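Notes follow the structure.
Bear in mind these aren't lab numbers, they're just calculated from the coordinates by the rules spelled out. Computed from a predicted model, the values in this text were never measured in an experiment. Positions of Cβ are generated from backbone atoms using ideal geometry, with glycine treated the same way; all protein chains shown enter the neighbour counts.
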Amino acid sequence: MRPRAPTIPLLIFVFAALLAGSCSGGRPPLVYLSLGDSLAVGVGSSDPPERGYAPLYEAHLERRTGREVDLIQLGVSGETSESFIGSYPDPAGSQLARAEEILRRSPGAFVSLSLGGNDLLQAPDDPERRREAVERFGENLDRIFETLHGASEPPPRISVLLLYSPEPGGPADGWIARMNAEILACARRHGAAVANTPELFRGHEEEYLRPGDIHPTDAGYRAIARALERAHPVPTGQDAG
């Protein structure tokens, strides 16, 4: 008995599958690793898994590259640079160790990092203690960048967020500026891109921040995602790696 020819719907399905495989080149998904504190998690947005800056940036990467992107969210609310390192290299007690493990399996991954706000918030309201907190943050950030950058070859494409001021003109502005100076210096030393969130937030605090809160609104998270897009322009299509 002669085999029956494939039906038209089956032929269409097979053709579509072959075309999809041809467009993607059969390459695995790109990896985007979101690291840091409550901003990385999306706290304050109406729907963190969809409207935080990490999922918004993931969607941007997919549009730019034409490839599937796997978002891995490791952010922890309340994380400081100290707790981020934790008991490194023990992955059970360190966001840094978990990130390093993922990056070893995903060379050239995209990484965003939000840290520093809690370092300041948890520092005692004393100038000397706050200076110590800023210096310690800079030392920790150097170690974090060095570990992440050395986790794979090619190294990850890291973008770090500058801190915005929730109360412009307030007493914390000077300390935020010092933290941002540490972030900029560390980023230069380790070749990381810098997302200038303060530039986009300035003059839009009422729209971008929740009333009486340090966390952004949905509009604020969209602004942070734009800052990431500007910090690390992504090639289109086949040139995206």
Open item on the list: Rounding to the nearest 10 and keeping the result within 0 to 90°, find how far the Cα-based axis of helix 218-231 lies from the longest principal axis of the chain.
Closed with: 80
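Suppose every K and R has +1 on its Cβ and every D and E has -1 on its Cβ; what is the size of the dipole of the chain about the Cα centre, in Debye to the nearest 20?
Roughly 1360 debye, rounded to the nearest 20.
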Task: Nonlocal amide H pairs with Gly75, under 5 Å, H built at 1.01 Å - done: Gly36
Task: Long-range amide H partners of Glu68 with built H, under 5 Å - done: Leu30
Open item on the list: Compute the angle between helix 53-65 and the longest alpha-carbon principal axis of the chain, please, reported from 0 to 90 degrees and rounded to the nearest 10.
Closed with: 40
Open item on the list: Just to check I understand the Karplus step: with θ = phi - 60° and J = 6.51 cos²θ - 1.76 cosθ + 1.60, what whole-Hz values come out for the stretch 147-152, glycine and proline as x?
Closed with: 5, 5, 5, x, 6, 8
TODO: Any chance you could give the angle, 0 to 90 degrees and rounded to 10, that helix 95-105 forms with the longest Cα principal axis of the chain?
DONE: 30
Open item on the list: Sort 98-104, 39-45 by the packing proxy (mean of other Cβ within 10 Å over each peptide's residues), most packed first.
Closed with: 39-45, 98-104
Open item on the list: Tell me the label only: which of (1) 17.0, 53; (2) 20.8, 90; (3) 16.8, 49 is Rg and Dmax of the Cα atoms in Å as calculated from this structure?
Closed with: (2)
Open item on the list: Skipping prolines and chain starts, which residues have an amide H placed within reach, meaning under 5 Å, of the one on Val194, given they are 5 or more residues away or on another chain?
Closed with: Val160
TODO: Kindly write out, for the stretch 82-93 in residue order, the coupling ³J(HN,Hα) from the Karplus curve 6.51 cos²θ - 1.76 cosθ + 1.60 (θ = phi - 60°), rounded to whole Hz, with x marking Gly and Pro.
DONE: 5, 5, 4, 6, x, 9, 3, x, 6, x, 6, x
Task: CD proxy at 222 nm, helix term only [per DSSP H run n ≥ 4: -39500 (n - 2.57); per residue of the chain; nearest 500] - done: -15000 deg cm²/dmol
